[in-house]
Amino acid sequence: MKEVVKIELNGEEIEVKKGATLLSIARERHVYIPTLCHNDALEPYGVCRMCLVEIEERGRMRVVTSCNYPAKEGLKVKTDTERVVLTRNVVIELLLARAPENEEIKKLAEFYGVKGGRLELVNDECILCGMCVRTCDEVVGVKALGFANRGIDRVPATPFMESSETCIGCGSCVYVCPTGYIKMRDENGKRYIENWKVELELSRCESCGAYIAPKRQLDYIRNLADLPEDFYNLCWNCR
């Protein structure tokens, strides 16, 4: 039986599951909180700082990341106080300086009325949310990616920034990237992920000749699930 606690969300007293994240509680009630580094399939990370909310706990007010802050008895949560909006706007301004041409960042800046120009532009599409690194580890289980360098030079990368021998070319990192920084293309029977210097041969359907997926990816899944050797000889349409 789940334990229930009472909290206040924007002045409304509600009962919620103890330990549920403030972000999940807000979303269940259609209260908008922006995120860039959050995905329900991944462990909360709290690095983009977009999901900030203000809480009151035992008489103390402070700003926390809602994606990884748990609901507790008597907690008072406000999602759009002046302090929250001001802090969020600073974060957006920093992101706007880092990725000024990125559509997702521009949409957030427009929504919150944030204008850039005060900070030196970096012009890097990557906002260091870590979604690619965490997805490769937590969801795919390959751990082909990590972070290299520190400070403003920090980047997601393969070990020693060399062509990855463990990347299976599944494209999960491309799918979850919120800014489109990671580029992938299939061309002439090969899959390229240029960010990781990956070039993988695509497997073809033995019946129609259509490309299915990188051979390394199919081998990985086949071994993981103990599937027959010929399981991926045919594409989904020819099965």
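The values are calculated or read from the model by the stated rules, or taken from the named source; none is laboratory data. Keep in mind it's a predicted model, so treat the numbers as computed, not measured. Positions of Cβ are generated from backbone atoms using ideal geometry, with glycine treated the same way; all protein chains shown enter the neighbour counts. We work out accessible area using only protein heavy atoms, side chains counted, and drop any ligands, DNA or RNA first. Shrake-Rupley method; radii C 1.70, N 1.55, O 1.52, S 1.80 Å.
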Mind jotting down the distance between the C-alpha centroids of region 15-31 and region 173-211, whole Å? 37
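Averaged per residue, what accessible surface does region 98-193 expose to a 1.4 Å probe, in Å²?
Values: 5660 Å² over 96 residues.
Here the residues of region 98-193 average 59 Å² of exposed surface.
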Taking only the alpha-carbon positions of region 58-136 and ignoring solvent, what does the Debye formula give for the base-10 log of I(q)/I(0) at q = 0.12, 0.13, 0.14 Å⁻¹? -0.47, -0.54, -0.61
Interchain or sequence-distant (5+) residues whose placed amide H lies within less than 5 Å of the amide H of Glu206 are Leu234, Cys235
Per-residue ellipticity at 222 nm attributable to helices in the chain (runs of n ≥ 4 DSSP H, -39500 (n - 2.57) apiece, nearest 500 deg cm²/dmol) works out to -6500 deg cm²/dmol
Mean-square fluctuation maximum in Gaussian network of the chain, Cα pairs under 10 Å, restricted to Leu121, Leu22, Leu96, hits Leu121
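Quick check on region 1-127: take the gyration tensor over C-alpha atoms, sort the square-rooted eigenvalues as a ≥ b ≥ c, and tell me if it's rounded (a/c under 1.5), prolate or oblate.
Working: a/c = 2.65, a/b = 1.94, b/c = 1.37.
Prolate, since a/c reaches 1.5 and a/b exceeds b/c.
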Compactness ratio of region 181-223: Cα Rg over 2.2 N^0.38 Å, N = residue count? 1.21
Using the heavy atoms of the protein chains alone and a 1.4 angstrom probe, what is the accessible area of region 1-90 per residue in square angstrom? 58
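Based on the alpha carbons, how large is the Rg to Rh ratio for region 106-185 when Rh follows Kirkwood? Walk me through the numbers before you get to the answer.
On the way: Rg = 14.6 Å, Rh = 14.2 Å.
Reported Rg/Rh, Kirkwood definition of Rh: 1.03.
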GNM top mover of Tyr69, Tyr181, Tyr220 - the chain, alpha-carbon springs below 10 Å: Tyr220
Amide H of Leu75: which non-local residues (sequence gap of 5 or more, or other chain) have their own amide H closer than 5 Å, using H built in the peptide plane? Glu8
So how do Glu110, Glu8 rank on accessible area, 1.4 Å probe, biggest first, that is with the largest at the start? Glu110, Glu8
Using a Förster distance of 25 Å, how high is the FRET efficiency between Glu199 and Phe160, based on the Cβ-Cβ distance and rounded to 0.05? 0.90
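Which of the GluC sites (Glu not before Pro) found in region 142-194 are loop residues per DSSP with 11 or fewer other Cβ atoms within 10 Å of their Cβ? Before the final figure, lay out each step's value.
Values: sites: Glu162, Glu165, Glu187, Glu194; in loops: Glu162, Glu165.
Hits after loop and neighbour filter: Glu162, Glu165.
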P(r) histogram, all alpha-carbon pairs of region 125-171 included - 5 Å bins from 0, percent: 5, 22, 32, 24, 13, 4
For region 14-27, what does the Karplus curve 6.51 cos²θ - 1.76 cosθ + 1.60, with θ = phi - 60°, yield as ³J(HN,Hα) per residue in whole Hz, taken in order and with x for Gly and Pro? 9, 9, 9, 5, 4, x, 4, 6, 4, 5, 5, 5, 5, 5
Once Rh is set to the Kirkwood radius over Cα pairs, what Stokes-Einstein translational diffusion coefficient, in µm²/s, holds for region 153-222 at a temperature of 25 °C and a viscosity of 0.890 mPa s? 190
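Rounded to a whole number, what % of the accessible area of region 78-168 do carbon and sulfur atoms account for, probe 1.4 Å? Don't skip to the answer; put the middle values down first.
Numbers: 2870 of 5440 Å².
Whole-percent figure for carbon plus sulfur exposure: 53.
Eigenvalues of the Cα gyration tensor times 5, then square-rooted: what semi-axes does that give for the chain, in whole angstrom, largest first?
Values: eigenvalues 310, 116, 44 Å².
Equivalent ellipsoid semi-axes, largest first: 39, 24, 15 Å.
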Counting only pairs 8 or more residues apart or on different chains, how many lysine pairs in region 1-110 have their Cα atoms under 20 Å apart? 14
Put a dot 7 Å past each Cα toward the Cβ at Asp40 and Asn89; how far apart are the dots in nm? 3.3
